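Participant: Input: one structure, supplied below.
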Amino acid sequence: MRTTIDLDALGGLFPHRVATASELLSLGLPSGELAVRCRPRGPWQHVLPGILLLAGTPPTRAQLVRAALRYGGPHTLLTGVDALQLHGLRALPATGPVQILVNRALEPAAKVRITRVRRSPDPVLRRGFLTAPLARAAIDTAKALNQRDDIRAVLTEVVRHGGVPVAELKAGLARSSEQARQVLSELADGVRSVPQAWAKAVLDDLPLPPPTWGVPLATAEGRPLGIADAWWNDRALAWQFNTPTPRTDLLKAAGVVVLHTTPTRLRQSPTAVAQDLLRASTQATTRPRPLITATHLPTPRRPQPPPHL
């Protein structure tokens, strides 16, 4: 008795329409039929060696992820940016090769970045995908990146929004690039955003005392005035750069000297920003200090100078 297979409906049997060639052969499809259907402009296509997409349209990112996991075989875990996105973080878009963790030898493939591990971390199931834990996904992502700002974006997000301790990242990136180590040093000093890292780089070359970061401000009577991204308490000087269009009217009305710098200007014109900051500091020190309360204000400490960029 032979059962007729509806080839056009076959894709619905497999998650994301991704199947291995061995699975299709076990269903009774001849190898020649697979070759015919995977010809250019055919209804199916090879995504990775031995991995087929049972559709003729370009694979979606989810289909590429599924194909990479099938290529890796049992116990393969998704890591990198795709895993970060499944954990709910959005610092970078998921592009380029899909990163996976495997515990066996595997032939390289163009669409997959393979990391072999002796022992896989405990998997986390996210939307049907076996995924590396958040800290491990962030570490693997940072190792694959070349731009310092991309590394900053990833690591600051997993620390600030993912709750991953800096010490855990530092242990996983002990042998990583100099750029990753610089970002970890910034995080250890309390930097929690990419614009804040740029701001810190500007301040490193200025004769100003170190500010405190992210300080809620209020009047002497306790009326909230907003948050200063950087705050000099002795001169009531506020620097704002994390939000594109912050409300500064309340702060200015209370007598605070406020400098607002867009992240774009901070990144592209650090020398001009430094001059703006010096002028604002001079203005703040040549007028009586207003009665402003900085809540949750820690004792400032001078951070160690970062490595030369």
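Participant: How high is the FRET efficiency from R127 to L29, r the C-beta distance, R0 30 Å, rounded to 0.05? Don't skip to the answer; put the middle values down first.
Facilitator: Working: r = 29 Å, r/R0 = 0.98.
Taking R0 as 30 Å, the efficiency between R127 and L29 is 0.55.
Participant: Rounded to the nearest 5, what is the percent of antiparallel bridges among the DSSP beta bridges in the chain? Numbers along the way, then the final one.
Facilitator: On the way: 25 of 35 bridges.
If we restrict to bridges inside the chain, about 70 percent are antiparallel.
Participant: Same structure, new question: Determine, from the Cβ-Cβ distance of K111 and R175 and an R0 of 25 Å, the FRET efficiency 1/(1 + (r/R0)^6), rounded to the nearest 0.05. Write down the numbers at each step before the final one.
Facilitator: On the way: r = 26 Å, r/R0 = 1.06.
Result of the calculation: an efficiency of 0.40.
Participant: Work through the residues other than G214 whose Cβ is under 12 Å from its Cβ and net out their charges, Lys, Arg +1 and Asp, Glu -1.
Facilitator: Values: positive: R160, R192; negative: D229.
Charge balance near G214 sits at +1.
Participant: How many percent of DSSP beta bridges within the range 63-188 run antiparallel, rounded to 5? Let's see the in-between values first.
Facilitator: On the way: 7 of 13 bridges.
In the range 63-188, DSSP labels about 55 percent of beta bridges as antiparallel.
Participant: Among (1) 17.1; (2) 21.1; (3) 19.1, find the value of mean projected area of the Cα convex hull in nm² that was calculated from the structure presented, and write down its label.
Facilitator: Comparing each candidate, only (2) matches the computed number.
Participant: Given Cα pairs under 8 Å that are at least 6 residues apart, what percent is the relative contact order of the chain?
Facilitator: Numbers: 461 pairs, mean separation 31.7, N = 309.
So the answer I get is 10 percent.
Participant: May I pose another question? Using a 10 angstrom cutoff on alpha carbons, build the Gaussian network for the chain and name the most mobile of R90, R119, R61.
Facilitator: Maximum among the listed residues: R119.
Participant: Do you know the relative contact order of the range 113-165, to the nearest whole percent, from alpha carbon pairs under 8 angstrom that are 6+ apart?
Facilitator: On the way: 28 pairs, mean separation 13.1, N = 53.
Result for the range 113-165 is 25 percent.
Participant: Check the chain and count each lysine pair with an alpha-carbon distance under 30 angstrom, considering only pairs eight or more places apart or from different chains.
Facilitator: Working: K111/K143; K111/K170; K143/K170; K143/K200; K170/K200; K200/K252.
Lysine pairs meeting both conditions in the chain amount to 6.
Participant: Let me ask something additional. Using 0.36 nm per residue, how much length does the chain from R287 to Q268 gain when fully extended, once their Cα-Cα distance is taken away?
Facilitator: On the way: separation 19, 0.36 × 19 = 6.84 nm, distance 3.09 nm.
Separation in residues times 0.36 nm, less the Cα-Cα distance, equals 3.7 nm.
Taken together, the values in this text are just the output of simple stated rules run on the coordinates, not laboratory data. Bear in mind the structure is a predicted one, so any value in this text is a computation, not a measurement. Using ideal geometry, Cβ is built from the backbone for each residue, glycine included, and neighbour counts are taken over all protein chains shown.
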